[in-house]
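Report on the following structure.
Throughout, read-outs are computed from the coordinates displayed, never taken from laboratory work. As the structure is a computational prediction, the values presented were derived from the model and not from experiment. All Cβ positions, even for glycine, are placed from backbone atoms using ideal geometry, and neighbour counts span all protein chains on display.
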C-alpha cells in the first residue's frame, strides 16, 4: 500500500516536473499579447540603421481587425512619413495585397514578394496570428537574454508553416516561461537561410494587456542592418467590413 | 586519435565563435535601438513639391535642341467636417525651349471636388475628379476618362501620364458592402470647344459630351475580385469592360484588362466617318518580383480599333495631313495607333546602393516593330530626388516611334519635397 502510494507520488512529481506546456497554446498566448483581440489602430514608426547610422525613418498608421472566420488579421496601412510617400496605402488581407498611390489614383495588386521591397515589409509583423499559419513544437528550455538584456528562462518553440503561402517557411521563437511573453524570434526562408531576428521589448500596458511596444529587427544576412519598430497611439477602432477592399482605398482617410 | 579530434574541436570552436558573433551583433543592435530616433514629422493634409528639369534632344539628322522646365505640384485632401472632405490637386509646368525669353506655362487642374461620406459604406463626390480604371500598366482599355486628359506631357513613364492629367467634372456615388463595391458616375457635357490658355480649365477637353460609367466589384473568393464596367458616351454605343488580377505565386501577379463594344475605328474617327462594329481592346500581362528587389513586367496589348498592318502602311504612304491627323487623335485619346503592342518594364529598387532606383521601359509596336526605350536612374534623399532619364525612339520613317522628331532625349531632374 505504502509502496504503491510512493510510486503514485513519484509519478505525480515526475509528471509535474515534466509537464510540458502545449506548444500551440503557448504560441496562441504570444499572439494574444502582440495582437489586440478587437479591431484596433496604432502608429508604427520604423527607424532603419545601417552600420550604426540612422538611414531611414517612416511612420505608418495601421488599422487592423481579425477575420471573423479564420482569425487572420486584415489591415489597412497608411504611410504618414516620409513626405514622398505620405498618403500611400496598403491593404493586406492574407496574401491579397493592394497598394494605392493617391498621386496616380491607382490601386495596384502586389505579390507577397513585392511587398517585401519596402519598409512596410516589417509593418505588418504586429498583426500576424502565427498560431493560424504555423504548427508549433516545443524544442526545449533555454536561458536567453531578452531585448532589455535581462536573462530569461524561456521555452523554445519551432514553428513550421502549415500554409504554403506564408512569408517565412520556419520560425524559432523563445517564449518567457513565467508569463508567455514573446522574447525573440528567428525567421527563416525556404532554403533555411536566416532572414531576420526580432526582439520584442519595452512591454507596456496597451489596450488592457502588457504588450511589446518595440520590436528590434536584425537582418539575417547583414547584422549591421537594424530596423527598430516603435508602436504607439493604440486605440480601439470600428473598422467596417466594407473598408477592407481595394475600392475603399481612395476613400480611406483616418481622423 | 588526434587527427579525429582536431577537426572536431575546430568545428566546435568555429560554431562557438559564430554563435558569439551573432550574440554580439544582437547586443549591438539592441544598444542602437536604445538611442533616441530622429523626430518624425506629423501627418498632414497636403503635399507640395517643386521640380526642375533640363533636357537635351537629338533629332534624326544629328541636330539638337535644349529645353528647361520648372514644375510645381500641390495636393490637398482635408476634412472640412466629420463627413466632408475637400480634395484639390494641381500642377503647373513652365517650359522654355532654347532661351528663357521663350517660355510657356501650362496649368493642369487634376482634382477639385467635395466628398460627402453619407454613411460608413456610402459616399458621394462632386467636382473635377481624375478617375482612373484599369489594372494593366502599359495600356488601359477600361480607363475611358484618359481621353483628352493630358495637357502637359512631362514624361513617357506610364505612372507620370496617369498622374499628370486633368480630371473630368462629374457626380460620383459609391456603395460598399462586405465583399464588393459599386460606383456610378455621370460626367455632363459642359463645352465643345478646347482651349489651350495657360490657366484655362479646358472643360472642352474633358467634358465634351455626356458620359456615364457603372463599375461593380464582386469578391468571388479571397484572391479573386473581378471588376465589371459599363460605360456610355452620348452618341456612342455602350462599352463593356472587365479587370481581373490573379496571384499566380508568391512572386507573380498576372492581370487582364478588357473592353469591348460597338464603336468606330480610330481611322474613321480621324477622317470623320462611321464604321461601327464590335471592337475589342485587351491588355494581358504579369509582374514578377525577384528576391533582389527587381520587378519585371511584360504585357501584350491589343487595340481592335487601331489600324492593322496593311492600313497602317497605307496611311504612311498617303497624305501627310491624314497621317498626322491620325497620330494627333491617337495621342489625345492615349490609344495605340495599330493593333498589336508589347510593353516591358523593369524596376530595380535599391539597385547596387541603397536609395538608388533604376527603371527601364520598352514599348514595341507589334505591327511596324518600332521601339521606344526609356531608362531612369533616380537617387532619393529624405526630401530630395535627383534623376537622370534617357529616351530613345527607333524605327522606320513613318513608324509609330520612328516618325517622332527626336531620336534621343536626355533629361536631368531634381525634385524637392516640402
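Partner chain Cβ atoms within 10 Å, averaged over the residues of A:240-253 - can you pull that number for me?
Working: counts 6, 6, 12, 4, 3, 9, 6, 12, 5, 0, 9, 8, 0, 8.
Mean partner-chain Cβ count within 10 Å for A:240-253: 6.
As a check on your grasp of the helix formula, calculate [θ] at 222 nm for chain B: sum -39500 (n - 2.57) over DSSP H runs of n ≥ 4, divide by the residue count, round to the nearest 500.
-5500 deg cm²/dmol
Within a 10 angstrom radius of the beta carbon, how do B:278, A:203, A:79 rank from fewest other beta carbons to most?
B:278, A:203, A:79
Test of understanding: in a Gaussian network model of chain B with alpha carbons linked when under 10 Å, which of B:200, B:303, B:243 would top the mean-square fluctuation ranking?
B:200
Taking all pairs of different Cα atoms in the stretch B:333-401, averaging 1/r and flipping that mean, what Kirkwood radius in angstroms comes out?
Evaluated over the stretch B:333-401, this radius sits at 13.6 Å.
Could you grab the relative contact order for the stretch A:22-251? Cα pairs under 8 Å, six or more apart, rounded to a whole percent.
Relative CO of the stretch A:22-251 lands at 21 percent.
Between the alpha-carbon centers of the stretch B:289-368 and the stretch B:184-246, tell me the distance in whole angstrom.
22
Name the most mobile residue of B:108, B:142, B:384, meaning the one with the largest mean-square fluctuation, in a Gaussian network model of chain B with Cα contacts below 10 Å.
It is B:384.
Rounded, prolate or oblate, given the Cα gyration tensor of the stretch B:45-417, with a/c below 1.5 counting as rounded?
Rounded, because the longest to shortest axis ratio a/c is under 1.5.
Along the Cα-to-C-beta direction of residue B:313, a point sits 7 Å from the Cα; which residues of the stretch B:353-393 have their amide N less than 19 Å from that point?
Those under the cut-off are B:365-371.
Springs between alpha-carbon atoms under 10 Å, Gaussian network over chain A: tell me which of A:193, A:230, A:74 tops the mean-square fluctuations.
Evaluated over chain A, the most mobile residue of the options is A:193.
Please compute the volume of the convex hull spanned by the alpha-carbon atoms of the protein assembly as shown and report it per residue in Å³.
Per-residue hull volume (Cα only) is 208 Å³.
Quick one: angle between helix A:23-34 and the longest Cα principal axis of chain A, in degrees between 0 and 90, rounded to 10, please.
That works out to roughly 40 degrees.
So if R0 is 60 Å, what FRET efficiency would residue A:143 and residue B:223 give, r being the distance between their Cβ atoms, rounded to the nearest 0.05?
Calculated transfer efficiency: 0.85.
Could you work out, residue by residue across B:174-183, how many beta carbons of other chains sit within 10 Å of that residue's beta carbon, and then give the average as an integer?
Other-chain Cβ atoms within 10 Å of each residue's Cβ, averaged: 4.
Neighbouring Cβ atoms within 10 Å as the yardstick, rank B:417, B:133 fewest first.
B:417, B:133
Counting other C-beta atoms within 10 Å, which of B:378, B:209 has the fewest, and how do the rest follow? Walk me through the numbers before you get to the answer.
Values: B:378 17, B:209 13.
The most exposed by this proxy come first: B:209, B:378.
Once you order the gyration tensor axes a ≥ b ≥ c over the Cα atoms, which shape class does the stretch A:188-255 get: rounded for a/c under 1.5, otherwise prolate or oblate by comparing a/b with b/c?
oblate
Can you give the relative contact order of the stretch A:35-109 as a percent, counting alpha carbon pairs under 8 Å and 6+ residues apart?
So the answer I get is 19 percent.
Along each of its three principal axes, how wide is the spread of alpha-carbon positions in the stretch B:280-418, in whole angstrom units, largest first?
Taking max minus min along each principal axis of the Cα atoms, the stretch B:280-418 gives 52, 29, 26 Å.
Looking only at other chains, what is the average number of their beta-carbon atoms within 10 angstrom of each beta-carbon in A:144-151?
Rounded to a whole number, the mean comes out at 2.
Could you compute the FRET efficiency for residue B:324 and residue B:237, with r as their C-beta to C-beta distance and R0 at 25 Å, rounded to 0.05?
0.35
Angle, helix B:320-333 long axis vs. longest principal axis of chain B, Cα atoms, 0 to 90°, nearest 10?
50
Calculated from DSSP H runs of 4 or more alone, at -39500 (n - 2.57) each and per residue, what is the 222 nm mean residue ellipticity of chain A, nearest 500?
-4000 deg cm²/dmol
Quote the relative contact order of the stretch B:45-417 in percent (integer), defining contacts as alpha-carbon pairs under 8 Å separated by 6+ residues. Intermediate results must be reported in sequence, preceding the final value.
Working: 962 pairs, mean separation 46.1, N = 373.
RCO, the stretch B:45-417: 12 percent.
Go through A:104-110, B:220-226, B:172-178 and give me the packing order, highest mean Cβ count within 10 Å leading.
On the way: A:104-110: 20.9, B:220-226: 14.1, B:172-178: 18.0.
Packing order, densest peptide first, comes out as A:104-110, B:172-178, B:220-226.
Compute the helix-to-body angle for B:2-34: its Cα long axis versus the longest principal axis of chain B, expressed 0 to 90° and rounded to tens.
Helix B:2-34 and the main axis of chain B meet at about 60 degrees.
Hey, what's the per residue convex hull volume over the C-alpha atoms of chain A, in cubic angstrom?
Taking only Cα atoms, chain A has a hull volume of 154 Å³ per residue.
Using 1/(1 + (r/R0)^6) with R0 = 45 angstrom and r between the beta carbons of residue B:64 and residue B:193, what's the FRET efficiency to the nearest 0.05?
On the way: r = 37 Å, r/R0 = 0.82.
Computed FRET efficiency for residue B:64 and residue B:193: 0.75.
Can you tell me the length gained on complete extension of the stretch residue B:186 to residue B:397, counting 0.36 nm per residue apart and subtracting the Cα distance?
71.7 nm
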